[in-house]
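The values are calculated or read from the model by the stated rules, or taken from the named source; none is laboratory data. Since we're looking at a predicted model, the values are computed, not measured. Don't worry about glycine lacking a Cβ; one is built from the backbone with ideal geometry, like all the others, and counts go over all protein chains shown. Remember, those area values only see protein heavy atoms, side chains included, never the ligands or the DNA or RNA. Shrake-Rupley method; radii C 1.70, N 1.55, O 1.52, S 1.80 Å.
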Amino acid sequence: MEIGNMVKAAILGYGVVGSGVAELLTGTGTGRSKKADELIELKYILDLRSFPDSPLTKYFVQDYAVIEADPEVNVVVETIGGVGAALDFTERALRAGKSVVTSNKELVATHGRRLLDLAAEHGAVYLFEASVGGGIPILRPLSECMAANDILEICGILNGTANYIFTRMVQDGVPFAQALKGAQANGYAEQDPTADVEGHDTCRKLCILSSIAFGWHVLPDQVATQGITQITLEDEAYAADCGHRIKLLGRAIQEQDGTLCAYVEPHFVSIQDPLGGVEDVFNAIKVKGDATGDVMFYGRGAGKLPTASAVVADVIAAARKMERAGYRPWQANRPASVRGPEGLPSRWYVRLAEGSLSGGELLKRSGAPAGERAYLTPALTRPALEEQLAGQKVLSIIRVLD
């Protein structure tokens with residue numbers, strides 16, 4: 001269905017992203033989208049709070065039913081977050097034939113397939129470019145520009161907070177806890193940083209990427225996930241000794257038998273690898289296609305205006321031509337088709353409080369206590385490595401990206 005020259009939009013939630021979207025649509029802050037100005041008129045902003053001093057006061061409503069019942073509203077922008085009210089309002093908007101654009105990675109990762117189907121059923125579209133990579137264009141290129149490829153692997157730095165913490169640990173020489181406080185002080189981490197530092201945010205984004213790349217819904221509870229809270233300055237020093245940096249990666253590898261090896265965990269990444277040089281809050285995603293080989297997407301993975309720009313781009317896509325804007329439907333989840341990385345051979349970084357490991361490359365760092373040893377091992381599966389380490393006092397184990 002082609003829609004007219006101007007669509008009317010409603011924003012749900014006036015937090016960091018929602019206010020950025022409003023700024024781009026109205027020009028009330030530092031940014032304005034000229035393309036959106038030609039296509040989109042903001043009609044409502046839904047928030048339970050009052051903003052009497054805001055220049056956008058006239059747009060605010062506190063009852064979603066006002067938006068739901070207004071036939072002029074073509075597109076609903078959901079920036080509430082979570083899977084409570086956001087899910088309810090999204091379902092109601094789609095059933096009313098209103099297209100929905102979101103940056104909500106938790107909602108898309110857990111309910112994306114059903115919401116895509118609901119949109120198609122009611123002649124709307126459900127778009128979520130901003131849910132992965134902030135302002136980085138990744139989902140539509142993956143869905144459309146790489147459509148001729150069988151995707152073999154996705155590997156990426158998908159969380160800017162974790163990457164910022166690693167950068168501060170290396171460049172400032174501060175421990176994890178202090179680097180995390182710095183991330184919170186700069187607005188890169190929430191006061192409850194669990195989703196970022198325990199890998200849940202990366203997991204959700206990896207699920208969305210995998211669902212688009214492989215065509216069936218991959219769920220977060222299927223993806224083995226390990227966070228970064230155990231990474232120390234000692235580990236960073238040993239990484240530097242062998243020309244590596246520590247990065248939190250999300251990986252999804254298509255196996256020859258049709259199963260998907262999907263997991264999130266810290267890795268030693270060579271500084272010669274493009275991912276090894278990604279610093280601060282930047283994200284980078286490598287996609288390997290059978291025809292293209294490696295393709296890399298890089299940019300700011302978070303922030304008010306970068307994320308808002310991706311949201312507004314989706315609203316523009318919906319405004320221009322709805323039937324070409326949506327993603328292909330995802331097939332149902334395949335419970336038996338996702339496995340963890342236990343059987344994936346890798347080299348490993350191992351740090352021991354004492355003892356030794358045969359066959360590994362010995363690493364060095366200044367100030368190491370007597371008896372401490374660190375190694376890079378030959379390629380092994382995790383169970384084979386643990387068998388070799390039986391009886392040893394292990395301080396750290398980190399997979400090496402080869």
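Brief remarks follow.
- Computed over region 172-296, the quotient of the alpha carbon radius of gyration and 2.2 N^0.38 Å is 1.14.
- Region 265-305: relative contact order as a whole-number percent, Cα under 8 Å and 6+ apart: 29
- Helix runs (DSSP H) in the chain reaching 18 Å along axis by Cα, Kyte-Doolittle at least 0.0: 200-214, 304-320
- For region 281-308 versus region 70-136, the gap between their alpha-carbon centres in whole angstrom: 22
- Average Cα contact separation per residue, region 167-236, under 8 Å, 6 or more apart, as relative contact order %: 37
- In this simple spin-label approximation, A368 and E190 carry label points 7 Å from Cα along the Cα→Cβ vector, and these lie 3.9 nm apart.
- Estimated inter-spin distance, L152 and V295, nm [label 7 Å along Cα→Cβ]: 1.5
- Working note: Cα atoms of region 291-402, range along each principal axis, descending, whole Å: 66, 38, 27.
- Apportionment of accessible area to carbon and sulfur, region 265-402, percent (1.4 Å): 51
- Divided by 2.2 N^0.38 Å, where N counts the residues, the Cα radius of gyration of region 23-117 comes to 1.13.
- With contacts taken as Cα pairs under 8 Å and at least 6 residues apart, region 111-247 reaches a relative contact order of 24 percent.
- Cα centroid of region 337-370 to Cα centroid of region 172-200, whole Å: 26
- Here the average projected area of the convex hull drawn through the C-alpha atoms of region 165-242 stands at 6.5 nm².
- DSSP bridge analysis restricted to the chain gives an antiparallel fraction near 60%, rounded to the nearest 5.
- Cα gyration tensor category, rounded, prolate or oblate, for region 226-308 with a/c compared to 1.5: oblate
- For region 52-170, Kirkwood radius (reciprocal of mean inverse C-alpha pair distance, Å): 16.5
- Solvent exposure of region 210-334 amounts to 38 Å² per residue of accessible area, where only protein heavy atoms count and the probe is 1.4 Å.
- Ignoring aspartates and glutamates fewer than eight residues from K181 along the same chain, the ones with Cα atoms less than 16 angstrom from its Cα are D172, E190, D192, D196, E198, D280.
- Here region 231-275 has an Rg and Dmax of 13.3, 40 Å, counting Cα atoms alone.
- In this calculation the C-beta distance from I271 to A69 is compared with R0 = 41 Å, giving a FRET efficiency of 0.15.
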